[in-house]
1. Using the structure shown, decide if Leu384 is in contact with a Pro (Cβ under 9 Å, 6 or more places away or on another chain), surrounded by 16 or more Cβ atoms within 10 Å (Cβ to Cβ) and closer than 29 Å to Arg336 by Cα.
2. Read through the list (1) in contact with an Asp or Glu (Cβ under 8 Å, 6 or more places away or on another chain); (2) surrounded by fewer than 20 Cβ atoms within 10 Å (Cβ to Cβ); (3) not hydrophobic (A, V, I, L, M, F, W, C), then give the number of the only condition that Ser434 fails.
3. What single numbered condition from (1) modelled with pLDDT under 95; (2) exposed (fewer than 14 other Cβ atoms within 10 Å of the Cβ) fails to hold for Gly193?
4. How about segment 348-378: which of its residues are part of a strand (DSSP E or B) and out of contact with any Lys or Arg (no Cβ under 6 Å at 6 or more places or on another chain)?
5. Out of Leu398, Leu406, Leu363, I need the residue that is in contact with a strand residue (DSSP E or B) (Cβ under 7 Å, 6 or more places away or on another chain), surrounded by 15 or more Cβ atoms within 10 Å (Cβ to Cβ) and in the same structural domain as His314 (by TED's automatic domain parsing). Which one?
6. Please count how many residues of segment 418-434 are within 26 Å of Asp446 (Cβ to Cβ) and modelled with pLDDT of 95 or more.
7. Filter segment 409-431 down to residues that are surrounded by 15 or more Cβ atoms within 10 Å (Cβ to Cβ) and among the β-branched types (Val, Ile, Thr) and give me whichever is nearest to Arg387 (Cα to Cα).
8. Tell me yes or no: at least one residue of segment 267-288 is surrounded by fewer than 21 Cβ atoms within 10 Å (Cβ to Cβ), acidic (Asp, Glu), part of a helix (DSSP H, G or I) and outside the structural domain of His319 (by TED's automatic domain parsing).
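The values are calculated or read from the model by the stated rules, or taken from the named source; none is laboratory data. All figures in this text were calculated on a predicted structure; none of them were measured in a lab. Cβ placement follows ideal geometry from the backbone for every residue including glycine, while neighbour counts extend to all protein chains displayed.
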Amino acid sequence: MTLNDDSFTDWKNREEIAESMIPMIGKLHRERDVTVLLHSRSLVNKSVVSILKTHRFARQIAGEELSVTETLPFLEALTTLDLGPAQIDIGILAESHRADDRGLSVLDFTAEAVAGATGAGKIDRREPRDVVLYGFGRIGRLVARLLIEKSGSGNGLRLRAIVVRGGGARAADDLVKRASLLRRDSVHGQFQGTITVDEASNRIIANGNEITVVYADDPSEIDYTAYGIDNAILIDNTGKWRDREGLSQHLRPGIDKVVLTAPGKGDVPNIVHGVNHDTIKPDEQILSCASCTTNAIVPPLKAMNDEYGVLRGHVETVHSFTNDQNLLDNYHKADRRGRSAPLNMVITETGAASAVAKALPELKAPITGSSIRVPVPDVSIAILSLRLGRESDREEVLEYLRGISLTSPLRRQIDFTTAPDAVSMDFIGSRHASIIDAGATKVDGDNAILYLWYDNEFGYSCQVVRVVQHVSGVEYPTYPATSA
């Protein structure tokens, strides 16, 4: 047999194993509300090739071979345990077992590592928490996709309604057009599932989820209890109101909390999940998820400050254009955003640097920032230039950040790529807040420059959903546990 024959046979064997994993992953998700991860990447609803590619990524980042032949026994062990809702990382399980010298079987090791998700201490499945989307633009539709995706397990979040403008006259095919925008997206592709429209009841049915579309021009027009909605979390995707007074208008009958998908003003808490979400007070009714750029830079800033100390910093964001800009030159209240977005690089302001202090108050270093909008539809990059508290070198910093992306509490926020030819399109659909580009990283003594890719639409939407899960009380623990 030739080498090529050997490689082909190995591929087919791994394909067969990955195929056998899919029903186990699906059953754990549907019946026990367990999300199976591989180095923080969900394997739920993934294809055979996606599962194999995720294993390949883990090998590239961790620097060691990790095959489906190694992770399959841990997945099989999970199916034999009496599990409650949780996220369980079979990649970390496999690598931890490899390093363990006690000679425990896969089953015993797995049972020990996920003990908090079994027995008397496990979390019971809860009734879903109602969620309302106020606004259905770029972020609103992506958040909707994520909520619909997660509802398959009944894991505590249920999208009940979407509020859009049009309290008066509206086009007869308005509902159909909005459903079509949810179904197909020029950047993020097709919706994974089926979408139908019930015009008689003003509902979009997505993967069996009945979502009422409410037409209103002002929050004061709506009584959500009339739609059977109670104790809901409302996600404001409009950015029209950003202070406590304005956002408080959403606290109508049926609404318990309001989450803003834009930087909050005044005393509205700006939350970056993974960094300061545990500071949210239980009785807090209004909060912000800050901006996509703030979410991209704060987790790496925290990681670098924890290890090296940060004395000062500057962030330059090269940001994809947004609907706030014009397709062709036209009037705009901002000085430069009126110029054609697809034809120009446009210097603009960013509030991300000043927002760092709200999300990361322990960082006392001054952080400045500026931004350039460029002609790409999605994925941006933040160039973070830091003066460190001690000297280091490139190899040490990269090894540290690689470890952060794999096993730290920030592993859902910080990703890591070693691809030498990575470009922005490669990160469309990333669920992380930011991705560290190892090849572009520069370190010279106490100066470090990090290049942080981020999907400013989808990655940010994932952070929003994580915050909503947290304030809903349905943010399930991840096993094996990591040290803080």
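1. yes
2. That leaves (2) as the condition not met.
3. Going through (1) modelled with pLDDT under 95; (2) exposed (fewer than 14 other Cβ atoms within 10 Å of the Cβ) one by one, Gly193 breaks only (2).
4. Matches in segment 348-378: Ile367, Thr368, Gly369, Ser370, Ser371, Ile372, Arg373, Val374.
5. Leu363
6. 2
7. Ile414
8. yes
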